[in-house]
Structures are given as C-alpha cells and as structure tokens.
Amino acid sequence: MKIALGADHGGYELKEKIKQYLSIRKGIELIDFGTNSTESVDYPKYGHLVAKSIIDKEVDYGILVCGTGIGISIAANKIKGIRAANCTNTTMARLSRQHNDANILALGARIVGDVLALDIVDEFLSASFEGGRHQKRVEEIENCNIF
Ligand code: RB5
C-alpha cells in the first residue's frame, strides 16, 4: 500500500510521528510531500499535492495534517475525486472508509493527541469500503445534478 503524507507547520510534528510509525510496517511505502519544518507555510499546497498524487494513482491513500485538519481537508476536497475525511476519533476513521470510501485521512494536530492520532491512522488503513448502498451515494458526491 502506498501512502502520501502532507502537512503544514501546525501538522509537521505529527506528520513526522505518523511517518516514523508507518515506516516500520511491512508492505507500506510512503511519499512525503512536506512540509519539512515548523516554519509557517500555507496548507492548501500540501492538501493539493497529496490529492494530486491520489488522482495520478501514484499512491492509494493520503494522510494530511494541519492544526485542526479543517483547512487542509477543505483544500484537498476541492480536487475532483478526492474524499478527505477530517477524523477526531477511530469510529469516524472506520466509517469514513466503510461508508464514504474516503481516500484521504485528515488530522488536526492541535485537536487529537499523538496516541489517538496513530490509532485513527490504524483504523483508517485497516477498514474497507463496503460498497452496496454506499456506492451510489459516493457517486452522487461526484455527480452533483442540482446546479
Ligand atoms: C495554521 O496556523 C492553521 O491555521 C492551520 O494549521 C489549520 O489549522 C487550518 O485549518
């Protein structure tokens, strides 16, 4: 499984912890799109870089971290085909995969503690999309026909 990582300065340290945590796992390959320090940067770039790597099929999933997980997930969700879920607990992480076929997990480093964040990562990566009734709903996200 290939995973893209991205963060702004607020998420940098947690991104590094996630990178270290996943780097010792067999069968996981990581691509880190930065940022690489706590120096202030703008989060949209990192959301977009990770989103592009998924759309380009360079990776299977993305993990994005900013202070709250909000800005970076909003940025990623602007890219067609991206379903970034900002999760604050393991139930959200599991259901984001099972029901929403989320392809990016977003985390808020100022919202969730490190131990919980790693549990959320585990839950996200081990859950699978259930398809069935959820398939049509996910397709409807992409094919908005109201406007
Ligand atoms: C950066 O200070 C902060 O605004 C950012 O990390 C994130 O929380 C935005 O949604």
Every pair of residues 6+ apart whose Cβ atoms lie under 6 Å, when the first sits in segment 75-100 and is more than 13 Å from Val138 (Cβ to Cβ) and among the charged types (D, E, K, R) while the second is modelled with pLDDT of 95 or more and in a loop (DSSP other than H, G, I, E, B): Arg94/Ala127
Members of segment 22-44 found to be farther than 22 Å from Cys87 by Cβ and either among the basic types (Lys, Arg) or part of a helix (DSSP H, G or I) (or both), listed by number: Lys26
Matching residues in segment 7-21 - criterion: being of a type outside the set (Lys, Arg), assigned to a helix (DSSP H, G or I) and touching a helix residue (DSSP H, G or I) at 6+ places or on another chain (Cβ under 7 Å): Leu14, Ile18, Tyr21
Number of the condition not met by Asn143 [criteria: (1) away from the ligand (no atom under 16 Å from the Cβ); (2) at pLDDT 95 or above; (3) of a type outside the set (A, V, I, L, M); (4) over 16 Å from Leu5 (Cβ atoms)]: (2)
Number of the exception - Ile79 against (1) assigned to a helix (DSSP H, G or I); (2) under 17 Å from Tyr43 (Cβ atoms): (1)
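Working carefully through the options Asp114, Asp60, find the one that is touching a Leu at 6+ places or on another chain (Cβ under 8 Å), within 22 Å of Tyr21 (Cα to Cα) and surrounded by fewer than 17 Cβ atoms within 10 Å (Cβ to Cβ). Steps first, please.
On the way: Asp60 fails: touching a Leu at 6+ places or on another chain (Cβ under 8 Å).
Asp114 is the lone residue from the list that is touching a Leu at 6+ places or on another chain (Cβ under 8 Å), within 22 Å of Tyr21 (Cα to Cα) and surrounded by fewer than 17 Cβ atoms within 10 Å (Cβ to Cβ).
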In segment 104-134, residue farthest from Ala7 (Cα to Cα) [restricted to those that are touching an Asp or Glu at 6+ places or on another chain (Cβ under 8 Å) and not aromatic (Phe, Trp, Tyr)]: His134
Residues located in segment 63-82, provided they are surrounded by fewer than 22 Cβ atoms within 10 Å (Cβ to Cβ), within 10 Å of the ligand (Cβ to nearest atom) and of a type in the set (S, T, N, Q): Thr68
Cβ-Cβ under 9 Å pairs, at least 6 apart or on other chains, segment 1-30 side farther than 15 Å from Leu107 by Cα and buried (at least 16 other Cβ atoms within 10 Å of the Cβ), far side modelled with pLDDT of 95 or more and of a type in the set (Lys, Arg): Leu30/Lys2; Leu30/Lys19
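Given the structure, is Glu58 more than 11 Å from the chain's Cα centre (by Cα), outside any helix (DSSP H, G or I), acidic (Asp, Glu) and more than 16 Å from the ligand (Cβ to nearest atom)?
yes
The values are calculated or read from the model by the stated rules, or taken from the named source; none is laboratory data. On a predicted model such as this, the values are computed, not experimentally measured, just so you know. Note: ideal-geometry Cβ built from the backbone for every residue, glycine included; neighbour counts use all protein chains shown.
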